[in-house]
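Novice: Dropping the structure in here first, questions after.
Read-outs: derived from the displayed coordinates by stated rules, not from any lab. The shown structure was predicted, so the numbers you read here are calculated from the model rather than taken from an experiment. Cβ sites come from the backbone with ideal geometry, for glycine too, and all protein chains shown count toward neighbours.
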Protein chains: 2
Amino acid sequence: MDKQRDDTIASRISRALAERIISGALTPGERLRQDHIAEEFGASHVPVREAFRLLEAQGLAASEPRRGFRVAAFDLKEVREVAEMRAVLEVLALRHAIPHLTAAILDRAEAATAAADTSRDVRSWEAANRAFHRLILEPCGMPRLLASIDDLHAASARFLFSAWRSSWEARTDHDHRAILAALREGRGDEAAKILERHVGWIGRTPVKTAAGEMREAFSIVG
Amino acid sequence: MDKQRDDTIASRISRALAERIISGALTPGERLRQDHIAEEFGASHVPVREAFRLLEAQGLAASEPRRGFRVAAFDLKEVREVAEMRAVLEVLALRHAIPHLTAAILDRAEAATAAADTSRDVRSWEAANRAFHRLILEPCGMPRLLASIDDLHAASARFLFSAWRSSWEARTDHDHRAILAALREGRGDEAAKILERHVGWIGRTPVKTAAGEMREAFSIVG
DNA sequence: GGTTGCGAAATTATCTATAATTCTATTTCG
DNA sequence: CGAAATAGAATTATAGATAATTTCGCAACC
């Protein structure tokens with residue numbers, strides 16, 4: 001009841017809902033009824049509406065005028081779209097970040113990769129993976145570009161969680177290590193090339209559901 | 001008083017304010033006082049707040065919690081940022097649009113270029129230029145990507161108008177014609193390369209003000 | 001005498017509560 | 001069986017209350 005400094009009710013609701021949408025607790029296409037959400041958060045529906053607009057800007061919710069908001073739906077086409085946008089934007093960010101990269105930053109990025117490799121569940125893997133990308137891109141110093149990339153990462157995470165809801169096995173991320181090696185040795189173009197392929201790769205893979213059945217799901221690498 | 005179909009008061013106010021911000025009628029850093037704006041539009045302040053949030057999503061306004069909204073400021077650094085983001089995203093869109101481009105679309109794009117070349121003022125040049133880009137990119141069928149590009153175009157227009165407020169001279173856009181020629185002859189890679197350079201180029205040029213003095217301003221090509 | 005710090009008033013953003021318009025779904029009648 | 005009308009529910013807008021910030025003035029100190 002004390003974090004009111006620069007923290008409005010609308011943004012708090014927005015973060016809570018974003019968390020639920022990304023994690024899959026709120027399913028794509030589901031209606032967002034402002035009265036119910038307002039009641040749940042003990043607030044009125046005006047800040048809830050503002051939260052919806054914030055989510056809309058991140059591409060997590062969609063507004064249908066006079067008909068309310070829904071959780072944004074997505075299909076394989078949009079997964080591809082997000083991956084390709086991330087690929088070109090992250091390459092752009094990396095190119096500008098390279099002159100400002102320090103050994104300390106690369107060490108922290110390596111630690112993030114190590115954390116991802118030993119993750120026991122999707123959530124912690126995603127957090128570590130996102131930290132890796134953030135670390136090597138942030139020095140570009142382009143706030144608008146970084147904000148766009150963050151939004152795309154949120155969308156990516158949503159797709160990821162929708163596929164690997166239950167099972168997860170650790171694996172070593174060779175791309176991340178190759179990117180770091182190239183960066184350490186001053187081969188920036190090669191690092192950018194690996195990053196572009198790494199982020200842009202999308203495929204379909206068979207996934208075992210909780211019921212033991214096999215189904216197709218999106219496969220996202222990084 | 002009849003365009004109420006899918007048109008909420010908030011979005012109408014948002015469009016009106018976006019127009020003013022882009023045209024320069026509202027200057028960067030200026031405070032947006034919701035009560036005054038609400039009174040001007042004969043509405044209450046809640047839809048005005050929503051309009052602010054929409055502008056924020058487009059990068060035209062910035063929110064300072066508990067301190068209200070301001071018209072987004074910008075400097076040469078951000079002009080560069082927007083131009084480079086546009087360059088990589090438009091190239092991505094063009095690559096996906098190429099398979100779906102028809103002769104009819106290219107003809108309409110050529111007409112848009114012709115309209116730009118004969119424009120007598122910045123406003124109509126910008127509208128024609130934007131139409132050209134929209135026409136050749138829209139067939140990519142990637143809604144999220146196109147929405148991002150639209151927002152970046154709005155920002156670009158803002159920068160453009162801030163430079164060429166008064167004087168304007170028509171000139172032939174050779175880049176547009178080269179892009180069209182390459183597309184017609186199936187040389188997609190070359191078209192993409194020209195587009196990337198065309199959009200990404202940013203410089204400073206001396207500009208004659210209304211008072212007859214010379215000052216530096218942003219120079220944006222396309 | 002000028003500057004700095006404190007305090008109160010006014011302005012402004014934010015939230016709650018209430019009313020009106022619109023969409024959806026169900027039911028009834030042709 | 002289909003279409004229209006009505007009832008219910010939810011979004012959208014208005015008005016009023018609350019809390020925070022800024023601004024202005026006064027006093028004290030350098």
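Novice: If you wrap a convex hull around the alpha carbons of segment A:1-119, what volume per residue comes out, as a whole number of Å³?
Specialist: On the way: hull volume 22.1 nm³, N = 119.
In segment A:1-119, the Cα convex hull volume per residue is 185 Å³.
Novice: Going 7 Å from the Cα of residue A:189 toward and past its Cβ, which residues in segment A:97-130 have a backbone nitrogen under 20 Å from where you end up?
Specialist: Output list for this probe position: A:97-101.
Novice: Treating the point 7 Å from Cα along Cα-beta-carbon as the label, what are the nm separations from residue A:169 to the other copies, to one decimal?
Specialist: Copy-to-copy label distances at residue A:169, shortest first: 7.0 nm.
Novice: Size of chain B along its principal axes in angstrom, Cα-based, largest extent first?
Specialist: Principal-axis extents of the Cα atoms in chain B, largest first: 56, 47, 32 Å.
Novice: Mind putting a number on the dipole of segment B:76-220 about its Cα centre? Charges go on the C-beta only, +1 for Lys and Arg and -1 for Asp and Glu, and I need it in Debye to the nearest 20. Mind dumping the intermediate values first?
Specialist: Numbers: 21 positive and 21 negative charges, 43 e Å.
Taking the Cα centre of segment B:76-220 as origin, the dipole is about 200 debye.
Novice: I want the local charge near residue A:69. Using Cβ-Cβ distances under 14 Å, sum +1 for each Lys or Arg and -1 for each Asp or Glu among the other residues. List each step's numbers first, then the result.
Specialist: Values: positive: A:20, A:31, A:33, A:49, A:53, A:66, A:67, A:70, B:53; negative: A:30, A:35, A:50, A:56, A:64, B:50.
Here the count lands on +3.
Novice: Right, something else. Considering the alpha-carbon set of segment B:9-71 alone, what are its Rg and its Dmax in angstrom?
Specialist: Rg, Dmax (Cα atoms, Å): 10.3, 28.
Novice: In the protein assembly as shown, how does Rg compare with the Kirkwood Rh, expressed as the Rg/Rh ratio over alpha carbon atoms? It would help to have the intermediate numbers written out before the result.
Specialist: Values: Rg = 23.2 Å, Rh = 23.9 Å.
With Rg and the Kirkwood Rh in hand, the quotient comes to 0.97.
Novice: At most 15 other Cβ atoms within 10 Å and a DSSP loop assignment: could you name the chymotrypsin sites (Phe, Trp or Tyr not before Pro) in segment B:132-174 that fit?
Specialist: Numbers: sites: B:132, B:159, B:161, B:164, B:168; in loops: B:164, B:168.
Qualifying residues, ordered by number: B:168.
Novice: Between the helical axis of A:76-97 and the dominant principal axis of chain A, each derived from Cα atoms, what acute angle in degrees is found, rounded to the nearest 10?
Specialist: Between the helix axis and the principal axis of chain A, the angle is about 50 degrees.
Novice: Right, next: Could you please report the charge total around residue B:14, scoring K, R as +1 and D, E as -1 over all other residues with beta-carbon less than 12 angstrom from its beta-carbon? Don't jump to the answer; show the numbers that get you there.
Specialist: Details: positive: A:53, B:12, B:15, B:20, B:49, B:53; negative: B:7, B:19, B:50, B:56.
For residues surrounding residue B:14, the net value is +2.
Novice: Residue A:172 to residue A:20: FRET efficiency via 1/(1 + (r/R0)^6), r the Cβ-Cβ distance, R0 22 Å, to the nearest 0.05? If you can, show how the numbers build up before the last one.
Specialist: On the way: r = 31 Å, r/R0 = 1.42.
Between residue A:172 and residue A:20 the formula returns 0.10.
Novice: With Cβ to Cβ distances under 12 Å as the rule, what net charge do the other residues near residue B:56 carry (K, R +1; D, E -1)? Could the numbers behind the result be given before it?
Specialist: Working: positive: A:53, B:49, B:53, B:70; negative: A:50, A:56, B:50, B:64, B:151.
Net local charge, residue B:56 excluded: -1.
Novice: Another question, then. For segment A:66-194, report the convex hull volume of the alpha-carbon atoms normalised per residue, in Å³, without decimals. Provide the component values of the computation, followed by the final result.
Specialist: Numbers: hull volume 15.3 nm³, N = 129.
For segment A:66-194, the hull spanned by Cα atoms encloses 119 Å³ per residue.
Novice: Still on this structure: Quick one: Debye curve from the alpha-carbon atoms of segment A:104-159 only, equal weights, vacuum; give me log10 I(q)/I(0) at q = 0.14, 0.20, 0.29, 0.30 Å⁻¹ to two decimals.
Specialist: One equal scatterer on each Cα of segment A:104-159 leads to -0.39, -0.74, -1.12, -1.14.
Novice: Where the convex hull is taken over the Cα atoms of segment A:61-101, what is its projected area averaged over directions, in nm²? Don't skip to the end; give the middle numbers.
Specialist: Working: hull surface 17.6 nm².
Mean shadow area of the hull around the Cα atoms is 4.4 nm².
Novice: Label point 7 Å out from residue B:221 along Cα-to-Cβ: which residues of segment B:161-193 have amide N under 14 Å?
Specialist: B:172-180, B:191-193
Novice: Longest span of chain B, sites excluded, free of GluC sites (Glu not before Pro) in DSSP loop with at most 11 other C-beta atoms within 10 Å? Let's see the in-between values first.
Specialist: Details: sites that count: B:169, B:185, B:213.
In short, B:1-168.
Novice: Given the C-alpha centroids of segment A:61-79 and segment A:137-177, what is the distance between them in whole angstrom?
Specialist: One Cα centre to the other: 21 Å.
Novice: Under unit Cβ charges (Lys, Arg +1; Asp, Glu -1), what dipole magnitude, rounded to 20 debye, does the protein assembly as shown have relative to its Cα centre? Mind showing how you got there, number by number?
Specialist: On the way: 66 positive and 66 negative charges, 60 e Å.
Taking the Cα centre of the protein assembly as shown as origin, the dipole is about 280 debye.
Novice: Which is farthest toward the positive dipole end of the protein assembly as shown among B:65, A:26, A:191, measuring Cα position about the Cα centre, with Cβ charges +1 (Lys, Arg) and -1 (Asp, Glu)?
Specialist: Checked the options; the winner is B:65.
Novice: Of B:38, B:116, B:145, which is farthest towards the positive pole of the protein assembly as shown's charge dipole, taken about the Cα centre with +1 and -1 on the beta-carbons of Lys, Arg and Asp, Glu respectively?
Specialist: So the residue furthest toward the plus end is B:38.
Novice: Then there is this: Go through B:136, B:48, B:154 and say which Cα lies farthest out towards the positive end of the charge dipole of segment B:31-155; charges sit on Cβ, +1 for Lys and Arg, -1 for Asp and Glu.
Specialist: B:48
Novice: OK, next. At R0 = 35 Å, how high is the FRET efficiency between residue B:11 and residue A:100 if r is their beta carbon distance? Nearest 0.05 is fine.
Specialist: Values: r = 40 Å, r/R0 = 1.14.
Once the sixth-power term is evaluated, E becomes 0.30.
Novice: Ranking B:70, B:197, B:53 by Cβ neighbours within 10 Å, fewest first, what do you get? If you can, show how the numbers build up before the last one.
Specialist: On the way: B:70 17, B:197 13, B:53 22.
Ascending Cβ contact count within 10 Å gives the list B:197, B:70, B:53.
Novice: Ignoring everything except DSSP H segments at least 4 long, calculate the 222 nm mean residue ellipticity for chain B; use -39,500 (n - 2.57) per segment, divide by total residues, nearest 500. Working shown, then result.
Specialist: Working: 9 runs with 133 residues, N = 222.
It lands at -19500 deg cm²/dmol.
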